[in-house]
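The values are calculated or read from the model by the stated rules, or taken from the named source; none is laboratory data. Because the structure is predicted, anything quoted here is derived from the model rather than measured. Here the Cβ is made from the backbone with ideal geometry for all residues, glycine too, and neighbour counts use every protein chain on show. In case anyone asks, the SASA skips ligands and DNA or RNA and just uses the protein heavy atoms, side chains included. Shrake-Rupley method; radii C 1.70, N 1.55, O 1.52, S 1.80 Å.
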Amino acid sequence: GQAVPPDVFMPEPDHGWCYSFQKADLAFQSKDYETVALVYEESLAAGFAPQDPTELLPFLKAYAALGNSAEAEKMVDMLVSDPANKPVLCAHLEAFVKVSEAPESVNITKHLLDYSGCEPK
């Protein structure tokens, strides 16, 4: 049989948080932090929320990279509201300090480590 091309005019099904997370994660891997932040804002506006606070990590790191410490701190607050998330958060932030190229990003990430109460290694 012949492959039928998808009908581009079909309305797309409602994309939930999962789709937004995948999209943001891909953008994050390409260091496209503006897109990550945009996806987060669009998701919130659409009423989506993470099932698990650890799903905020790519967004948190993107905000750190963009120099938006206020937004990143809010996410830290959401994450550490469950102490079980703290080791994951600290590990992500520690790794992100090492890969961050921009001094501002490094400074904010270090501030977030401090803010999160992560023990310096």
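Tabulated data
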| quantity | calculated |
| --- | --- |
| Accessible area per residue in Å² at 1.4 Å probe, computed on the chain | 62 |
| In the stretch 77-118, GluC sites (Glu not before Pro) in a DSSP loop with at most 12 other beta-carbon atoms within 10 Å | Glu101 |
| Inter-site label distance for Ala49 and Gln22 at 7 Å from Cα along Cβ, in nm | 2.4 |
| For the chain, size of Cβ-based charge dipole, Lys and Arg +1, Asp and Glu -1, in debye | 400 |
| Portion, in percent, of the accessible area of the chain that falls on carbon or sulfur, probe 1.4 Å | 58 |
| Extended-chain gain in nm, criterion 0.36 nm per residue less alpha-carbon gap, Asn107 and Ala91 | 4.1 nm |
| Structure-derived semi-axes √(5λ) of the Cα gyration tensor in Å: which label, when the choices are [x] 34, 23, 11; [y] 31, 16, 13; [z] 22, 16, 14 | [y] |
| Partnerless cysteines, meaning none of the other Cys C-beta atoms lie under 4.7 Å away, in the chain | Cys18 |
| Dipole of the chain [Lys/Arg +1, Asp/Glu -1 at C-beta], most positive-end residue of Tyr115, Val36, Leu79 | Tyr115 |
| FRET efficiency, 1/(1 + (r/R0)^6) with R0 35 Å, evaluated for Thr35 and Ala84 via beta carbons | 0.75 |
